[in-house]
């Protein structure tokens, strides 16, 4: 598994209003960069989580009718950028009849019922678990899972985005101390007996 967190250097223009001219320029710039950049999705960069620091801030320019100064800034941000094909681990945070939402870091991805395992999946009558008809595998809220990112769709400028996941490939699925689909897949690949699935 590769990490999908990284520190990226980006450039932008920051507006510093006149009432902040008495502050150190870098301090004022960081405050405004945090307001404008943190928790914002950028199609190329990813989800910008935190402004780490400023590398360069150029002299400001004035715009007609605005007393603020505008500065070209190069700064570093901690980003979360999912990559298609990446293996992730996360927790099931919500179950629906059409699939499971899995939280991986700051974003959630959807694992459609057709991508949970090679089985016909149904939701139990209470809506608290998804169950495989033949395998008996169950998936509940709070379960820790390993999945692969299959699709990414981000809209720049906000925090909305869609991540498609699969657990249908070998050695993916529920992992944990009590039951592990992955361990069952390893046993099966070795030709060993299967453990009862939960």
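Bear in mind that the values in this text are calculations on the coordinates, not laboratory data. Every value quoted in this text rests on a predicted model; they were computed, and no experiment measured them. No Cβ is skipped: glycine too gets one built from the backbone with ideal geometry, and neighbour counts run over all protein chains shown.
One table, with the values for the structure above:
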| read-out | value |
| --- | --- |
| Compactness relative to 2.2 N^0.38 Å, alpha carbon Rg of region 5-80 | 1.11 |
| Among 137, 15, 61, residue whose mean-square fluctuation peaks in a GNM of the chain (springs only between Cα atoms under 10 Å) | 61 |
| Long-range tail of P(r) for region 87-190 (Cα pairs > 25 Å, %) | 16 |
| Förster radius 22 Å - calculated FRET efficiency between residue 134 and residue 84 (Cβ-Cβ, nearest 0.05) | 0.15 |
| Top of 129, 100, 68 by mean-square fluctuation, Gaussian network on the chain, Cα under 10 Å | 68 |
| Label of the coordinate-derived value, Rg/Rh (Cα atoms, Kirkwood Rh), listed as [x] 1.02; [y] 0.96; [z] 1.17 | [z] |
| Paramagnetic label zone (point 7 Å from Cα along Cα-to-C-beta, residue 19; backbone N under 17 Å) in region 57-74 | 66-69 |
| Cα shape, region 85-136, gyration tensor, a/c 1.5 rule | oblate |
| Listed residues 110, 62, 130, most fluctuating in the chain (Gaussian network, C-alpha, under 10 Å) | 62 |
